[in-house]
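Reading through the structure tokens given below for one structure.
The values are calculated or read from the model by the stated rules, or taken from the named source; none is laboratory data. In this text, all values refer to a predicted model and were calculated from it rather than measured experimentally. All Cβ positions, even for glycine, are placed from backbone atoms using ideal geometry, and neighbour counts span all protein chains on display.
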Amino acid sequence: MPLQRGNPSPGLLRPDGRLVSGRVLAALRTEYGELPSVGDHRFRDLARFLRGSYHCAAPTVETVNTVEANGTSFVVSSGSPSDGELVVLWAHTDGGETFTWPTDFTERARQQSPTPAHTLAVADKEAGASEPANYTVTVSSSERIVGGCIVLSHASGTPVFQQVGGGQGADNQAAPAATSITTSADDTRVFNAFVRELNELVSENAGYTSGWDGHYALETGTPGSVSGGVQSKAFPTSSTAAGTVTWDVTNFVTTSNRSWRCFSVAYEPPAAGGGPDLAPEAAIMAL
């Protein structure tokens with residue numbers, strides 16, 4: 001029986017349906033004093049249980065949910081995160097807003113484009129044993145909003161935030177771009193996001209940087225239009241410069257001068273030592 005996210009099957013099963021070895025069970029009980037179910041993120045993060053015998057994989061995007069709104073708040077689906085997974089909320093707004101985030105979320109960055117101001121912000125938290133079906137973010141004034149919620153497994157809980165690298169768009173800049181961010185740990189996942197004036201995407205959910213995983217690119221209509229998007233890429237080794245990250249210019253209307261803001265945020269996996277680069281499921285099979 002294959003492992004599936006949220007699968008309540010007994011924790012004794014390997015991905016091929018056979019029993020997990022005693023070494024794995026002992027490591028689980030030593031680390032947590034219990035045997036998590038197969039669907040628990042702690043079971044998937046086997047490298048963490050084995051105390052560094054294997055490299056951790058980069059943080060994995062489990063769910064992506066989005067919303068387009070108009071007002072002083074937005075409500076986005078939580079994606080039903082498991083205990084210990086990382087929940088990352090994004091806000092892209094038409095105006096110079098501040099945000100009141102749900103309980104236990106920490107704002108990591110909030111930056112604005114040149115006049116006319118548009119705001120891009122990100123906040124995160126480690127999920128608890130029980131999370132709501134939706135998260136509500138309050139906005140300081142009524143605006144058009146693109147909001148996103150991305151759930152990560154295999155991401156470090158404390159600290160989860162590494163650094164921000166950003167670029168600020170001036171008029172005549174058609175495509176958002178961010179200056180380089182350099183990783184400080186192996187298997188880091190770098191997220192890059194933008195906010196841009198008006199709803200002038202050629203196509204939604206398109207225009208991602210080549211080689212990056214696209215999560216969303218959306219726009220919301222007049223009056224007070226805005227567009228926003230998020231993409232990410234895993235970098236296997238530390239001290240790697242992501243380079244300038246530029247969204248595909250062909251997916252932005254170029255007939256008008258538009259302001260934008262774009263920055264990158266890096267999330268690291270739990271600490272692990274040397275060994276072969278094996279995903280948790282592969283590590284189970286090797287025991």
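Could you check, for the range 127-149, whether at least one of its residues is assigned by TED's automatic domain parsing to the domain that holds ARG189, within 14 Å of the chain's Cα centre (by Cα), in contact (Cβ under 8 Å) with a residue 12 or more places away in the chain and over 16 Å from LEU218 (Cβ atoms)? Show your work before the answer.
Just the residues of the range 127-149 that are assigned by TED's automatic domain parsing to the domain that holds ARG189, to begin with: 127-149.
Still in the list and also within 14 Å of the chain's Cα centre (by Cα): 127, 147-149.
Within this subset, residues satisfying the condition of being in contact (Cβ under 8 Å) with a residue 12 or more places away in the chain are 127, 147-149.
After this cut, where a residue has to be over 16 Å from LEU218 (Cβ atoms) as well, the list is 127.
Within the range 127-149 (the criterion being assigned by TED's automatic domain parsing to the domain that holds ARG189, within 14 Å of the chain's Cα centre (by Cα), in contact (Cβ under 8 Å) with a residue 12 or more places away in the chain and over 16 Å from LEU218 (Cβ atoms)), the answer is yes, since at least one residue qualifies.
On the given criteria, is SER156 under 13 Å from the mean Cα position of the chain (by Cα), over 22 Å from GLY229 (Cβ atoms) and either of a type outside the set (Val, Ile, Thr) or at pLDDT 90 or above (or both)? If you could, list the steps in order and put the result at the bottom.
On the way: under 13 Å from the mean Cα position of the chain (by Cα): yes; over 22 Å from GLY229 (Cβ atoms): yes; either of a type outside the set (Val, Ile, Thr) or at pLDDT 90 or above (or both): yes.
So SER156 passes the test.
May I ask you to list the residues in the range 198-219 that are part of a loop (DSSP other than H, G, I, E, B) and hydroxyl-bearing (Ser, Thr, Tyr)? The answer is SER203, TYR208, THR209, SER210. Within the range 104-160, the set of residues being hydrophobic (A, V, I, L, M, F, W, C), surrounded by fewer than 20 Cβ atoms within 10 Å (Cβ to Cβ) and touching a Lys or Arg at 6+ places or on another chain (Cβ under 8 Å) comprises just one member, PHE105. For the range 180-235, the tally of residues that are among the aliphatic types (A, V, I, L, M), at pLDDT 90 or above and over 19 Å from SER113 (Cβ atoms) stands at 4.
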